[in-house]
Every structure is written in C-alpha cells, then in structure tokens.
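Take a look at the structure set out below.
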C-alpha cells in the first residue's frame, strides 16, 4: 500500500509516526512521511524531521521524508493526489484532561476534504 | 492558545446539597461526591453507549474503572444526582494545566429530558464557585443540540471556530 503519513509534531502525530512506521515494516507499505506546519505543536518542523529520521533508523524502514509549507491540510491533500497515494494516515486526536477525544484541525480538514481513505491512529 | 471567557458570571448558582422534583414527578437529590468510585461504576455500567461523547464514558467495566480512577487522581470535583438509592446523573469539573476546569455531565437515558441536567449542572457550578473555581470550559459535539442548549442556558458561551467539537466557556467568579 502506498501510504502518506502526515505529522506536525503534536503528541498524537508522534504516536502515529511510531505506529505507521511499525506497520510499514510489517506490511511492506511504501511510506512517505510529510512534515506539516502545526502552529499548536511544541516541536518545530526540523525537530519533527529529526524524530522521524530516528524512528526510521531504529526500525530499519526506508521512507521518503518531505517537509510541506503552507496550509497543512490542503498541502497534504495536494501531495496525496499528486502522488496517487492509497491512504493518508494521521494522529487520531489529543485527549482532554477529562478524557474526551479532541480531533486536531488538520485531521478535520483532511477528513472532510480527502478523496483518499484516511486512517486516524488511536 | 488562549481561551476567551465571558465577562459575566454564570448564575451564580446555589451549591448542593439540594433536592428538586423533575418533570416526571421524581424526587431528585443533588449532592457533592467524594466517597469513592463505586456509585459511579454502577451508573456508568448502566449507561447507554449511544449517549457517549468523544470517547467517554468508556464502554467496558475495566476501562470505566480506569477512567474514574484518573478523575479521582486529577482531584476532580464530582456532583451526583440521586433518585432514591440510584445514582442517575454525574457532573464533574476536572482541573487543567492552566488553572481552569473542564466540565462534563452525563445523565442516564431514562432520566433525560426531565430537567435533571439543568438541576445537576447548576449544582456543579454552585459547588465550583463555593470552591473558588473561576473559569470553566467544555467541548461538545456540534450536532448535540440538547447539550449545547443546556450549556447556553446556564451561562456557557461558544469560544471558537468551525471544528467538529464546539468549545464553550463560562466564568464562575468575577475577573480579579
């Protein structure tokens, strides 16, 4: 499967990174990691890129890493369509102090606008 | 991100304990609760999964217990609505990292649409005010009209943007 993982540095996106890379190793996915701008994230894009590189080398998975600038949701969708990806993978939301799941704005945009299947990692 | 809060104080509401008759003529008692999770286990095990919101309450017993234990550890303020011996509604305020409190409320299906939500949430806000809570917020699925109407009625106002979940906030004590 040709998979596009979109991460911006939020906690749920870093969890998605681990899961997607592990699954790519098991299933032999053709994985691309797109690092998007997330103003709410505590990590910068280059820090996220470093993290992605570490996870890849720890697991021995090869993946293309791309850094996207501009509106994260639409940039991700454009790349997904241009590259004929089968699936977009994203973090599945943060948890509030009370335990409620709150979807990030990038996930909402992608879910509503994608022509591709979208997987949210919980 | 900075959340905005209304200038006006919600209520102010009376703190529990108190009792009232619901629209079905049932006597409902509202009390603070800090005596362990067992009555809440009972209530949430009877909870209709259809009425879950954003993943809570969880559906199986073990996950419900873990969730309730997390609330206890977080030092949540809990208020329960009782019908006789049965806990039939629960509302909570859970502190966040910012000195504000997140609110949630659950009422068993057969006790909904009878005014209990209003009686319970007012009790929670009254208890919060009594404890010196200043700012309260919540998130609610945008399509959940009964819930958003209730929150608006007791003094919550929308704070944001166009996401799936509507965020609302209320002030319990005047701004210092």
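Could you tell me how many of the residues in segment B:71-87 are surrounded by 13 or more Cβ atoms within 10 Å (Cβ to Cβ) and at pLDDT 95 or above? Lay out the reasoning, then the answer.
Of segment B:71-87, the ones surrounded by 13 or more Cβ atoms within 10 Å (Cβ to Cβ) are B:71-72, B:74, B:76-83, B:86-87.
Next, only the ones that are at pLDDT 95 or above stay: B:76-83, B:86-87.
Counting residues in segment B:71-87 that are surrounded by 13 or more Cβ atoms within 10 Å (Cβ to Cβ) and at pLDDT 95 or above gives 10.
Is it true that some residue in segment A:74-82 is surrounded by fewer than 22 Cβ atoms within 10 Å (Cβ to Cβ), touching a helix residue (DSSP H, G or I) at 6+ places or on another chain (Cβ under 8 Å) and touching a residue at least 60 places away in the same chain (Cβ under 8 Å)?
No: zero hits.
So residue B:141 clears everything in (1) closer than 30 Å to residue A:109 by Cα; (2) surrounded by fewer than 16 Cβ atoms within 10 Å (Cβ to Cβ); (3) away from chain A (no Cβ under 14 Å) except one condition, right? Which one?
Result: residue B:141 passes all but (3).
Six or more apart or on different chains, Cβ under 9 Å: which pairs go from a residue in segment B:56-84 that's under 28 Å from residue B:27 (Cα atoms) and within 14 Å of chain A (Cβ to nearest Cβ) to one that's assigned to a strand (DSSP E or B) and modelled with pLDDT under 95? Could you list them?
These pairs meet every condition: B:56/A:101.
Quick one: residue B:38 ticks every box in (1) without any contact (Cβ under 8 Å) to a residue 40 or more places away in the chain; (2) in contact with a helix residue (DSSP H, G or I) (Cβ under 9 Å, 6 or more places away or on another chain) bar one, so which box is it?
Result: residue B:38 passes all but (2).
Which count do you get for residues in segment A:38-59 that are at pLDDT 95 or above and in contact with a helix residue (DSSP H, G or I) (Cβ under 7 Å, 6 or more places away or on another chain)?
5
Given the conditions (1) under 15 Å from the mean Cα position of the chain (by Cα); (2) on the phi > 0 side of the Ramachandran plot, which single one is not true for residue B:25?
Status for residue B:25: all satisfied but (1).
Restricting segment A:86-104 to residues that are on the phi < 0 side of the Ramachandran plot and without any contact (Cβ under 8 Å) to a residue 40 or more places away in the chain, which is farthest from the other protein chains (Cβ to nearest Cβ)? Break it down into steps so the answer makes sense when it comes.
The first filter runs over segment A:86-104 and keeps only residues on the phi < 0 side of the Ramachandran plot, leaving A:86-92, A:94-98, A:100-104.
Keeping just the survivors that are without any contact (Cβ under 8 Å) to a residue 40 or more places away in the chain gives A:95-98, A:100-103.
Working: A:95: 8, A:96: 6, A:97: 5, A:98: 4, A:100: 4, A:101: 4, A:102: 6, A:103: 6 Å.
Per the stated criteria, the residue is A:95.
For residue B:115, all conditions in the list (1) at negative phi; (2) in contact (Cβ under 8 Å) with a residue 12 or more places away in the chain; (3) more than 14 Å from chain A (Cβ to nearest Cβ) hold save one; what is the number of the exception?
Only one criterion in (1) at negative phi; (2) in contact (Cβ under 8 Å) with a residue 12 or more places away in the chain; (3) more than 14 Å from chain A (Cβ to nearest Cβ) is unmet by residue B:115, namely (1).
Is there a residue in segment B:34-41 that is within 13 Å of chain A (Cβ to nearest Cβ), modelled with pLDDT under 95 and closer than 19 Å to residue A:98 by Cα? Don't jump to the end; show me each part of the working.
Of segment B:34-41, the ones within 13 Å of chain A (Cβ to nearest Cβ) are none.
No, segment B:34-41 has no match at all.
Would you pick out the residues in segment B:107-134 that are touching a helix residue (DSSP H, G or I) at 6+ places or on another chain (Cβ under 9 Å) and buried (at least 21 other Cβ atoms within 10 Å of the Cβ)?
The answer is B:107, B:117, B:121, B:122, B:125, B:133.
Quick check on this structure: which one of B:99, B:155 is at positive phi and free of Cβ contacts under 8 Å to residues at least 40 places away in the same chain?
None of the other options fit; the residue is B:99.
In this structure, does residue A:46 turn out to be loosely packed, with under 15 Cβ neighbours inside 10 Å and in contact (Cβ under 8 Å) with a residue 40 or more places away in the chain? Lay out the reasoning, then the answer.
On the way: loosely packed, with under 15 Cβ neighbours inside 10 Å: yes; in contact (Cβ under 8 Å) with a residue 40 or more places away in the chain: no.
The answer is no for residue A:46.
Identify the residue in segment B:15-30 that is touching a residue at least 60 places away in the same chain (Cβ under 8 Å) and not in a loop (DSSP other than H, G, I, E, B) and, among all such residues, is farthest from residue B:91 (Cα to Cα).
Looking at residues that are touching a residue at least 60 places away in the same chain (Cβ under 8 Å) and not in a loop (DSSP other than H, G, I, E, B), I get B:20.
Got at least one residue in segment B:97-104 being surrounded by fewer than 19 Cβ atoms within 10 Å (Cβ to Cβ) and either under 24 Å from residue B:27 (Cα atoms) or away from every other protein chain (no Cβ under 11 Å) (or both)?
The answer is yes; a qualifying residue exists.
The values are calculated or read from the model by the stated rules, or taken from the named source; none is laboratory data. From a predicted model like this one, the values you see are computed outputs, not experimental measurements. Glycine gets a Cβ as well: all are built from the backbone with ideal geometry, and neighbour counts include every protein chain shown.
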